[in-house]
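Here, each number is a calculation from the coordinates, and none is a lab measurement. Here the structure is a predicted model, which means the values were calculated and not measured. As a convention, Cβ positions derive from the backbone with ideal geometry for all residues, glycine included, and neighbour counts pool all protein chains shown.
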Ligand SMILES: [Zn+2]
């Protein structure tokens, strides 16, 4: 009796630990994307009504590869391209602010190319999708367990949590879409 209770408690504990979603939760709505309120974004994409990004299509087709333009439930805190002020440097991705650590999903089908800490990027994942297309995920707080170079992933698979590692001042995902090593605007690239 006692033993059965202990086993039950242990199983409950394991279940709780495994509660990180293995894929995009059904309730998550990625159909629209908005600019974060209360921030000035010098390179913001065009918006329609309010802060919603105009004509937003959650998926892009890049060299025949289907990719999500924003693989996390978030708002845009910085767009792609040159940024005014600060370092004034070119921004090679889009910043997706989540406020607190939130699950990140594979932007497309592919093979994990890298799971490592990179200078400035902090904890980073790179996924190779084929035909020269790659996606990069930076500033993570945690990786999905078992995620390593060579692992095959499907679009929507849970890969890690947003964070502020590396050169980041807030918890967000820095997301890049690369074609033959060149970064493109995730919000407008492809079809
Ligand atoms: Zn960024």
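Structure values in brief
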{"quantity": "Residue order, fewest to most beta carbons within 10 Å, for 124, 61", "calculated": "61, 124"}
{"quantity": "Calculated FRET efficiency for the pair residue 66/residue 41, C-beta based, R₀ 30 Å, to 0.05", "calculated": "0.65"}
{"quantity": "Residues 158, 137 arranged by fewest to most Cβ contacts within 10 Å", "calculated": "158, 137"}
{"quantity": "Inter-centroid distance (Cα atoms) of the range 117-152 relative to the range 32-105, Å", "calculated": "18"}
{"quantity": "Gyration tensor verdict on the range 143-191 (Cα atoms; rounded if a/c is under 1.5, prolate if a/b is larger than b/c, oblate otherwise)", "calculated": "oblate"}
{"quantity": "Spin-label model distance (nm) - residue 152 vs residue 169, 7 Å beyond Cα toward Cβ", "calculated": "4.4"}
{"quantity": "Calculated SAXS-style log₁₀ I(q)/I(0) at q = 0.13, 0.23 Å⁻¹ - the range 43-128, Debye, Cα scatterers", "calculated": "-0.53, -1.47"}
